[in-house]
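The values are calculated or read from the model by the stated rules, or taken from the named source; none is laboratory data. Remember, predicted model here, so these are calculated numbers, not experimental data. When we count neighbours, we look across all protein chains shown, and the Cβ atoms used for this are built from the backbone with ideal geometry, even at glycine. To get the accessible areas, we keep the full protein, side chains included, count just its heavy atoms, and leave off ligands, DNA and RNA. Shrake-Rupley method; radii C 1.70, N 1.55, O 1.52, S 1.80 Å.
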Amino acid sequence: RQMKNLSFMRLSIWFYLAIFFAYLLGPLVIMSITAFNSPEFPRATPWECLTFEWFSALFQDERILNGIKNSVLVGFGTVVLSVAMGLAGALMLTQIWPKLRATYYTIIIAPILVPGVVIGISTLVFWDRINRMLG
């Protein structure tokens, strides 16, 4: 009986994971197929022929090009600020008085760790409740 429940549980988890990844990746697969088809309106079926027509239309759209340019600028700015702030924090951490170092490190690292801890505890509580519900 225990082995049957364990087998059912494994099968259920694999089924859930298959649905989850199909839901997550399905639209990407469909859009990837659609991007290389040639009808007037983008669609996956019926397949007409392999084409790059949609990509040329994409790169002729001024709004898309402006969006790509803005994304690159924001990304570059984020990298510059992150490196500068990280370097300043690291240098300060090495130069600060040793008794204050632990406090400073805690203040600096707390905003980075808190979301992961909250998600970890939430996941633990979720799976514990699932385990209790399923027996």
Next on the checklist: Through the Karplus equation 6.51 cos²θ - 1.76 cosθ + 1.60, θ set to phi - 60°, convert the phi angles of the stretch 12-18 into ³J(HN,Hα) values in whole Hz; use x for Gly and Pro.
Outcome noted: 5, 5, 5, 5, 4, 5, 5
Next on the checklist: Quick check: at a probe of 1.4 Å, how many percent of the accessible area of the chain sits on carbon and sulfur atoms?
Outcome noted: 74 percent
Next on the checklist: What FRET efficiency comes out for residue 45 versus residue 83 if R0 is 41 angstrom and r is the Cβ-Cβ distance? Round to the nearest 0.05.
Outcome noted: 0.30
Item to check | Fraction in percent of alpha-carbon pairs per bin - 10 Å, the chain | outcome: 9, 16, 19, 20, 23, 12, 2, 0
Checklist outcome for this item: Per residue, accessible area of the chain with a 1.4 Å probe, heavy atoms of protein chains only, in Å², comes to 89 Å²
Checklist outcome for this item: Pseudo-spin-label distance residue 107 to residue 60, built 7 Å along Cα→Cβ, given in nm, is 5.8 nm
Checklist entry - Quick one: if you stick a label point 7 Å off each Cα along the C-beta vector at residue 9 and residue 96, how many nm between them? => result 4.5 nm
Item to check | GNM result for the chain, Cα springs below 10 Å: residue of 53, 40, 62 fluctuating most strongly | outcome: 40
Item to check | Within the chain, helix-based [θ] at 222 nm, where runs of 4 or more DSSP H residues each add -39,500 (n - 2.57), nearest 500 | outcome: -29500 deg cm²/dmol
Item to check | Given 13 as the ceiling on other Cβ atoms within 10 Å, longest exposed-site-free region of the chain for chymotrypsin sites (Phe, Trp or Tyr not before Pro) in DSSP loops | outcome: 60-135
